[in-house]
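Working notes, beginning with the structure itself.
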Amino acid sequence: MPRSKNQDKMSLISVHVPKKMLEELDELVRRGIFPNRSEAIRAALRDLLYKEVFKTKPPKEEKKEEDLPISLLKGR
């Protein structure tokens, strides 16, 4: 299967994470918050870079409250 242009621009990295962290990551994917592990990790890395390197908040995605999981709505 040929790679897309977007895949060609990405680099593969390997990381070791605690089992519990991976289980939590998989739960985010299972609940549909992210389509897969890679996208969840990219989002986390993007947020970290905005915070620590660019010293700004990442742009917010336009999401309606009804699109958010109940656990994220608690405490609002």
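The values are calculated or read from the model by the stated rules, or taken from the named source; none is laboratory data. Being a predicted model, the structure only gives us computed values, none of them experimental. Glycine also receives a Cβ, built like all others from the backbone with ideal geometry; neighbour counts cover every protein chain displayed.
Odds and ends about this structure:
- For region 4-43, filtered to residues that are within 11 Å of the chain's Cα centre (by Cα) and of a type in the set (Lys, Arg), the residue that is modelled with the highest pLDDT is Arg37.
- For Arg46, the stated conditions hold: it is in contact with a Pro (Cβ under 7 Å, 6 or more places away or on another chain), modelled with pLDDT of 75 or more and either surrounded by 10 or more Cβ atoms within 10 Å (Cβ to Cβ) or not in a helix (DSSP H, G or I) (or both).
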